[in-house]
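Beneath this line is the structure, given in structure tokens, with notes to follow.
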Amino acid sequence: MSDTLLTNLEAGVLTLTFNRPQKKNAFTGEMYDAAARALVDADQSDAVRVVVLTGAGNTFTAGNDLKDFLEHPPSGEDSPVFRYLRALSHLSRPVVAGVEGVAVGIGTTMLLHCDYVVATERAVFSMPFINLGLSPEGASSVLLPRVAGLALASELLMFGDPFDAATALRAGIINQVVPETSLAEVVHKRATALAARPVESLRLTKRLLREPLRATVDEALSREGAHFIQRLASAEAREAFNAFLSKKK
């Protein structure tokens, strides 16, 4: 698929590894495109029973590569980032995620579309959209209040501060917290356990769990995407991005 997205299929488990460790696996348009295509292909393959999302270099993902994002901003629903989110939200196969290091922005919101998430004790999550002059994405404005409650969802999205694995567990974003040395083993066990379940029964169970919110999530993805594109062009966002990049330099 791409050097920045590694794929491995073994015993019905397709592992997708975000692979830009030198950039903390920050997503480029190329990575989103490759990931979206990998998920669409997975949903059409009888060989794939479960999908695993993980990151290389002891990091899940730092979210968007801001330089790439500014040079190639999303312009509509067919943009790579939105195609990836739709492919993930519509995937019929169960998705297991293993999170270590940072999970920034979409690195956190994509977890709301996963079916089982394991994180290390040192994992750090954040949805800093507001601090960049942006707005929520990934249907997080709908899904996060549902799993975390309105009070905690408002806190996490309105302040945009980093939070630890214990808070992510309390918010219902993740299922389990494990030591760093156990992450790969636990993710493998959870994924292979799902892959061993009756295939059609498993997919039907996921569909029954997700289907009642399908139209709401699709609408939220479109609504949030339109606002996100508008916010990217705003004076607030330009000022916030310039301040962030200047500080980084």
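Checking the structure you have, find out if any residue of the range 155-167 is open to solvent by less than 20 Å² (accessible area, probe 1.4 Å), of a type in the set (Phe, Trp, Tyr) and either under 24 Å from LEU16 (Cβ atoms) or free of Cβ contacts under 8 Å to residues at least 12 places away in the same chain (or both). Full working, then the answer.
Taking the range 155-167 and keeping what is open to solvent by less than 20 Å² (accessible area, probe 1.4 Å), we get 156, 160, 163, 165.
Narrowing the set further to residues that are of a type in the set (Phe, Trp, Tyr) leaves 163.
Filter again for either under 24 Å from LEU16 (Cβ atoms) or free of Cβ contacts under 8 Å to residues at least 12 places away in the same chain (or both), leaving none.
No, the range 155-167 contains no residue that is open to solvent by less than 20 Å² (accessible area, probe 1.4 Å), of a type in the set (Phe, Trp, Tyr) and either under 24 Å from LEU16 (Cβ atoms) or free of Cβ contacts under 8 Å to residues at least 12 places away in the same chain (or both).
Out of ALA215, ALA151, ALA171, I need the residue that is free of Cβ contacts under 8 Å to residues at least 60 places away in the same chain, among the aliphatic types (A, V, I, L, M) and open to solvent by less than 60 Å² (accessible area, probe 1.4 Å). Which one?
Of the residues listed, the single one that is free of Cβ contacts under 8 Å to residues at least 60 places away in the same chain, among the aliphatic types (A, V, I, L, M) and open to solvent by less than 60 Å² (accessible area, probe 1.4 Å) is ALA171.
Looking at the range 55-73, which of the residues that are of a type in the set (D, E, K, R) and surrounded by fewer than 16 Cβ atoms within 10 Å (Cβ to Cβ) is nearest to ALA226 (Cα to Cα)?
Here is the first cut: in the range 55-73, the residues of a type in the set (D, E, K, R) are 65, 67-68, 71.
So of that shortlist, the ones also surrounded by fewer than 16 Cβ atoms within 10 Å (Cβ to Cβ) come out as 67, 71.
Working: LYS67: 21, GLU71: 18 Å.
Looking at residues that are of a type in the set (D, E, K, R) and surrounded by fewer than 16 Cβ atoms within 10 Å (Cβ to Cβ), I get GLU71.
For the subset of the range 219-249 comprising residues that are charged (D, E, K, R) and either touching a Lys or Arg at 6+ places or on another chain (Cβ under 8 Å) or under 12 Å from PHE129 (Cβ atoms) (or both), which member is most open to solvent (accessible area, probe 1.4 Å)?
Let us first name the residues in the range 219-249 that are charged (D, E, K, R), namely 219, 223-224, 231, 236, 238-239, 247-249.
From what's left, either touching a Lys or Arg at 6+ places or on another chain (Cβ under 8 Å) or under 12 Å from PHE129 (Cβ atoms) (or both): 224, 231, 236.
Values: GLU224: 11, ARG231: 67, GLU236: 116 Å².
Across the range 219-249, the extreme among qualifying residues is GLU236.
So, GLU200, is that one surrounded by fewer than 18 Cβ atoms within 10 Å (Cβ to Cβ) and not hydrophobic (A, V, I, L, M, F, W, C) or not?
Yes, satisfied.
Among the numbered criteria (1) open to solvent by 40 Å² or more (accessible area, probe 1.4 Å); (2) among the aliphatic types (A, V, I, L, M); (3) not in a helix (DSSP H, G or I), which single criterion is violated by LEU209?
Result: LEU209 passes all but (3).
Listed residues VAL117, VAL178, VAL99, VAL104; which is open to solvent by 30 Å² or more (accessible area, probe 1.4 Å) and in contact with a helix residue (DSSP H, G or I) (Cβ under 8 Å, 6 or more places away or on another chain)?
VAL104
The values are calculated or read from the model by the stated rules, or taken from the named source; none is laboratory data. Everything numeric here is computed off the predicted structure, so don't read it as measured data. Cβ: placed from backbone, ideal geometry, glycine included. Neighbour counts: every protein chain shown. The accessibility values were calculated without ligands, DNA or RNA, using every heavy atom of the protein model including side chains. Shrake-Rupley method; radii C 1.70, N 1.55, O 1.52, S 1.80 Å.
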